[in-house]
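Student: Below you will find the structure I want to go over with you.
The values are calculated or read from the model by the stated rules, or taken from the named source; none is laboratory data. This structure is a prediction, so every number in the text was calculated from the model and none was measured. Glycine also receives a Cβ, built like all others from the backbone with ideal geometry; neighbour counts cover every protein chain displayed. Just so you know, the surface numbers come from the protein's heavy atoms only, side chains and all, with ligands and any DNA or RNA stripped out. Shrake-Rupley method; radii C 1.70, N 1.55, O 1.52, S 1.80 Å.
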Amino acid sequence: MDDPVKTKDELICELTALRKRVDELEERNTRFREREEAFIDLFNATEELAFLQELNGTVVLANNCTAVFYGISREDIVGRSIYEFIFRDKIESARKRIQTVIDTQKTVRFEGTLGEKVFENSLYPVLDRSGNVCRVAVYVRDITERKRLEEAVRQ
């Protein structure tokens, strides 16, 4: 069966509707980009290292502090394993802590040192719609000064 031939008015009406839909989609895309920029601003406002990783360690997203800490651009961190940036002697314990987050679906917090620096690490489970851990959000804060002050108060 042949398609019916549309009249000029029907084509104009259809074209007008399509243009309206394109305008709506462009407006939605603009709002999405504005929200994305606001999120990036929020994500980068912290002094903490912050990154999101897949369960296997692949970095999905990293903030500016993370990039500065590891001496590499944010774009170059994304897609690489976080274990490439961790000292070899700390990789196994890092993997175990990630596994604990996966198994318990609870936040894991711990302190670690790197040279003279002391860091507070927080590993947060990110759940999928089924309630399973699908990623881990990592936040690392330099608490060296706080530890020095606590020690000075104790003495």
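Student: The conditions are (1) β-branched (Val, Ile, Thr); (2) open to solvent by 50 Å² or more (accessible area, probe 1.4 Å); (3) part of a helix (DSSP H, G or I), and residue 5 fails exactly one of them. Which is it?
Tutor: Residue 5 satisfies every listed condition except (3).
Student: Tally time: how many residues in the stretch 84-120 are among the small types (Gly, Ala, Ser) and either surrounded by 14 or more Cβ atoms within 10 Å (Cβ to Cβ) or touching a helix residue (DSSP H, G or I) at 6+ places or on another chain (Cβ under 8 Å) (or both)?
Tutor: First, the residues of the stretch 84-120 that are among the small types (Gly, Ala, Ser): 93-94, 112, 115.
Among the residues that remain, those that are also either surrounded by 14 or more Cβ atoms within 10 Å (Cβ to Cβ) or touching a helix residue (DSSP H, G or I) at 6+ places or on another chain (Cβ under 8 Å) (or both) are: 94, 112.
Within the stretch 84-120, residues that are among the small types (Gly, Ala, Ser) and either surrounded by 14 or more Cβ atoms within 10 Å (Cβ to Cβ) or touching a helix residue (DSSP H, G or I) at 6+ places or on another chain (Cβ under 8 Å) (or both) number 2.
Student: Of a type outside the set (D, E, K, R), closer than 23 Å to residue 44 by Cα and either modelled with pLDDT under 95 or open to solvent by 50 Å² or more (accessible area, probe 1.4 Å) (or both): does that describe residue 123?
Tutor: Answer is no for this residue.
Student: Filtering the stretch 84-120 down to residues that are at pLDDT 95 or above and among the aromatic types (Phe, Trp, Tyr), which residue is farthest from residue 66 (Cα to Cα)?
Tutor: Of everything passing the filter in the stretch 84-120, 110 is farthest from residue 66 (Cα to Cα).
Student: Any residue at all in the stretch 68-78 that's open to solvent by 90 Å² or more (accessible area, probe 1.4 Å) and more than 17 Å from the chain's Cα centre (by Cα)?
Tutor: As a first pass, look at the stretch 68-78 and keep what is open to solvent by 90 Å² or more (accessible area, probe 1.4 Å): 68, 75.
Filter once more, so that each one left must be more than 17 Å from the chain's Cα centre (by Cα): none.
No: zero hits.
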